[in-house]
1. Being open to solvent by 20 Å² or more (accessible area, probe 1.4 Å), in the same structural domain as GLN139 (by TED's automatic domain parsing), at negative phi and at pLDDT 95 or above is true for just one of LYS91, LYS126, LYS103. Which residue is that?
2. Kindly indicate the residue of the range 288-315 that is of a type in the set (Ser, Thr, Tyr) and in contact (Cβ under 8 Å) with a residue 24 or more places away in the chain and also farthest from ligand 1 (Cβ to nearest atom) among those meeting that condition.
3. Out of everything in the range 190-235 that is within 16 Å of ligand 1 (Cβ to nearest atom) and open to solvent by less than 20 Å² (accessible area, probe 1.4 Å), what residue ends up being nearest to ILE172 (Cα to Cα)?
4. In the range 236-267, what residues are away from ligand 1 (no atom under 15 Å from the Cβ), touching a residue at least 40 places away in the same chain (Cβ under 8 Å) and more than 14 Å from GLU181 (Cα to Cα)?
5. Give the residues of the range 9-27 that are closer than 14 Å to LEU53 by Cβ and either charged (D, E, K, R) or assigned to a helix (DSSP H, G or I) (or both), sorted by residue number.
6. Got a number for residues in the range 37-61 being touching a Leu at 6+ places or on another chain (Cβ under 8 Å), buried (at least 16 other Cβ atoms within 10 Å of the Cβ) and either aliphatic (A, V, I, L, M) or farther than 22 Å from LYS25 by Cβ (or both)?
7. For GLU264, indicate whether it is charged (D, E, K, R) and either more than 16 Å from ligand 2 (Cβ to nearest atom) or over 28 Å from HIS317 (Cβ atoms) (or both).
8. Report every pair of residues separated by at least 6 positions or lying on different chains whose Cβ atoms are under 6 Å apart, first residue within the range 35-47 and closer than 11 Å to GLN110 by Cβ and in contact (Cβ under 8 Å) with a residue 40 or more places away in the chain, second of a type outside the set (Phe, Trp, Tyr) and open to solvent by 40 Å² or more (accessible area, probe 1.4 Å).
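The values are calculated or read from the model by the stated rules, or taken from the named source; none is laboratory data. Predicted model only: the values in this text are computed from it and were never measured. Every residue, glycine as well, gets a Cβ built from its backbone with ideal geometry; the counts of neighbours run over all protein chains shown. These area figures cover heavy atoms from the full protein model, side chains too; ligands, DNA and RNA do not enter into them. Shrake-Rupley method; radii C 1.70, N 1.55, O 1.52, S 1.80 Å.
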Amino acid sequence: MSDNSVAFIQSELKSVKENCEKKVKDSKLVACVPAMVRVVLEQTQHKSIVVCLMFPDKYPDATILIELKSKTLSYKLLQGLTKVAEEEAKKYLGREQVLMVLKFIRNFIQENPLCVCSEEISFIKKDLLQDCDDIKLKQKLSQIILKVKKDQYFMNFKITIPDNYPFDQSSIEVADHNFPEPLTVNILAQANEIARRCVQPPLKKRPKDPPFEPKPAVRPVCEYMIRTCIKNYPAQKCPLCNEMALPENPQEIINEPNHEKFAERVYCGHTFHHGCLDIYMKTPPFTGGKKCPSCSNRIYHENWKVTPELAEARWAHQEARRRELDEVVDFLE
Ligand SMILES: [Zn+2]
Ligand SMILES: [Zn+2]
């Protein structure tokens, strides 16, 4: 390294020591010696990067060497960020580069808040979406916008990622859809419940459970919304009559809850026609509760919240009434 370089670096290090924490927001200077400058940039617990900068032989006429490390941000994101930061350093050839590069990295994270879920976003693109679907990232609003289709059905929804992700709760909103309204309300409530459970410990803690830690919500929420609901419901058959639970044409959807073709989603996630389910729930056997014919899980539903005993009693009462009527009919004959 030439004497000029050594002198230049000495002077730059002095300026870095004086100005780094003042001029680069959220920065902490850990090391500042000719061998390396090491700085921790931490905006939130998850938006945290260790930046290592090393001076090459021909510095400042060559670009400073950049290495980024993070326990929370993905490797792929760090690789991409390293590349754009190197490009940025080129703008300052012949001049001091350390603070400019640090500011650039800090601003990049600030302006791209969705970097905290970059790995989850790759998963959604790769494993959940198909060619007919669409995902857009609105970094300014910290939102992921999804448009998902299945046959003639579609649902457009957005997930808002809080600054302190994954510690604060993400929120999900449906912008537009052509699914049955009550089903959509149900899907959305469940999606927000999944997001809530990612950040709040369960009310009933079992003694053997490990201590609660907040979990990233984007992946489980999207798996539920896309795989379990949007891509699945339009293809589901009513487990009782084996016909499609939803009409093929969304314009024929029935939103009237007591209509016999109204699609009822029960606890296990299977969808029945209201009429089919009503008959099934009111017909014996009742012992052990009524079970879903598709998955054998007990059926829980607001509309049929009766104990097996009560269902049995109602059934007996109806039967007695039917016999009475039959007798009347016999008498008339
Ligand atoms: Zn049916
Ligand atoms: Zn089921």
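1. Values: LYS91 fails: in the same structural domain as GLN139 (by TED's automatic domain parsing); LYS103 fails: in the same structural domain as GLN139 (by TED's automatic domain parsing).
Result of the check over LYS91, LYS126, LYS103: LYS126.
2. Narrowing the range 288-315 to residues of a type in the set (Ser, Thr, Tyr): 294, 296, 300, 307.
From what is left, the residues that are in contact (Cβ under 8 Å) with a residue 24 or more places away in the chain are 294, 300.
On the way: SER294: 12, TYR300: 19 Å.
Step by step, filter the range 288-315, then rank; the result is TYR300.
3. For the range 190-235, the residue satisfying everything is TYR233.
4. ASN249, the sole residue that qualifies.
5. Taking the range 9-27 first, the residues closer than 14 Å to LEU53 by Cβ are 9, 12-13, 15-17, 20, 24, 27.
ILE9, GLU12, LEU13, SER15, VAL16, LYS17, CYS20 - these are the residues of the range 9-27 that are closer than 14 Å to LEU53 by Cβ and either charged (D, E, K, R) or assigned to a helix (DSSP H, G or I) (or both).
6. Step one: list which residues in the range 37-61 are touching a Leu at 6+ places or on another chain (Cβ under 8 Å), which gives 37-39, 41, 46-56, 60-61.
Checking which are buried (at least 16 other Cβ atoms within 10 Å of the Cβ) leaves us with 37-39, 41, 46-51, 53, 55, 60.
With either aliphatic (A, V, I, L, M) or farther than 22 Å from LYS25 by Cβ (or both) added as a condition, the list becomes 37, 39, 41, 49-51, 53, 55, 60.
Qualifying residue count, the range 37-61: 9.
7. Working: charged (D, E, K, R): yes; either more than 16 Å from ligand 2 (Cβ to nearest atom) or over 28 Å from HIS317 (Cβ atoms) (or both): no.
Spelling it out, it is not the case that GLU264 is charged (D, E, K, R) and either more than 16 Å from ligand 2 (Cβ to nearest atom) or over 28 Å from HIS317 (Cβ atoms) (or both).
8. What qualifies is LEU41/ASP26; GLN43/ASP26; THR44/ASN164.
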